[in-house]
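Before I ask anything, here is the structure I am working with.
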Amino acid sequence: MAIQSIKKLENIASFLKNSGKKSFQNHALSLFVNYIENEPDLWCIINILLDKNKNHQDKMMKFLSASCDNYFSEYRRDNIKSFNEYVACCWFYLKDISLTEKFRGDPTINKFIGPIYDRADNEDEKQKLLFYHECINPIILYIKLQSDHFQNAVTVLKRYKILCEWYDRKQVIDNEEIIITNGHLNRYLFDQGFTYSLSETNVPSGRIDNFAFSVGISKDQLKELPDVIVVEGKIFKGRKENFSDVFEQVRKRLNDFNLLDGYCVIYNKTNNVIRLLNQNGEIAGIPYIFIDGKKIFFIFINLGADFLNSTKNLKRVDINIKI
């Protein structure tokens, strides 16, 4: 997740919050919606949320078309059971009013927050701020929570790379792939606050090596998990096709569960430095490939003996992932 995208979103939100009511309704709201839709990292987060809550889209359209006496608080009471559903409904509401001229003006705010009976000179400002806190702020909070989860996953796997290369090097070198992925990586993720409850789980695209998620979530809630990480491990001894194989595995898992990012952990048992030729970028030194609105990261764990010798001139192996 690009940190700069989050900062810019917060700046736009600040402008939105501090704008006058007329500008807030007729311009600033559209600016907020358009920025998220045109920023790939942010839109991926929102788009997947909307896909999981499609059932609310038509309901929100009917709600907006109903009389002004029909307030969002009533819809929320009868239809919304979770924070994720609430955020999705906020977005559907914003998107519709940003495209439909007839809902601009006072009904834009009043229909969402309901009537304010305490009449005062600053009534417009109160209405605007209440709408901001109840409709705009939850969207920003959701995006930041998803971004924090992503940053945590990258940090956890970078620490796993150090663990393997220095502290558990011999253990990882001496074991086979299934023992490493289902034992060593499993235990590490558990120690980092993840529960490895779905080892070798059957999903529509096949079997998954390592599927970990936060403590307290049941298997029945699988597709609704807010904090889930997909990791596939593969040993590299010189067969370049391994990279495309593990990439395809992760890509399929992400599509199965409609997730944003996945991780390929490569246990490099050669003495060659791996270079990913068709990577789209790096985050915190971790290369990734962007496909279908999702990021797939590669963590290279270098276990060859020559990596311990600083005087060695290491050869490079170039990898081109088949997409």
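For ASN280 paired with ASP58, estimate the spin-label separation in nm (one decimal), with each label point 7 Å from Cα along the Cα-to-Cβ line.
Result: 3.2 nm between the two label points.
Now for a different question. If the chain between ASP306 and ILE291 were fully stretched, how many nm would it gain, using 0.36 nm times the residue separation less the Cα-Cα distance?
2.0 nm
Of LYS240/LYS315; LYS144/LYS234; LYS17/LYS158; LYS158/LYS312; LYS81/LYS158; LYS17/LYS295, which sit over 26 Å apart, Cα to Cα?
Checking Cα-Cα distances, LYS144/LYS234; LYS17/LYS158; LYS81/LYS158; LYS17/LYS295 exceed 26 Å.
Express in nm, to one decimal, how much length is gained between ASN313 and TRP166 on full extension, taking 0.36 nm for each residue of separation and deducting their alpha carbon distance.
Extra length available between ASN313 and TRP166 comes to 50.9 nm.
Can you give the net charge of the other residues whose Cβ lies under 11 Å from the Cβ of PRO287, counting K and R as +1 and D and E as -1?
That sum, taken over residues with Cβ under 11 Å, equals +1.
In what sequence, highest mean first, do 36-42, 7-13, 180-186 appear when ranked by Cβ atoms within 10 angstrom?
180-186, 36-42, 7-13
Moving to a separate point now. With each pseudo-label sitting 7 Å past Cα toward Cβ, what's the LEU31-LEU145 distance in nm, one decimal?
With each label point 7 Å from Cα toward Cβ, the separation is 2.8 nm.
Same structure, new question: Report the FRET efficiency, 1/(1 + (r/R0)^6), for LYS158 and LYS17, where r is their Cβ-Cβ distance and R0 is 51 Å, rounded to 0.05.
Approximately 0.90, to the nearest 0.05.
Where a number appears in this text, it was derived from the coordinates with a stated rule and is not lab data. Please read these numbers as outputs of a predicted model, since none were measured by experiment. Here Cβ is always computed from backbone atoms with ideal geometry, including for glycine, and neighbour counts include all displayed protein chains.
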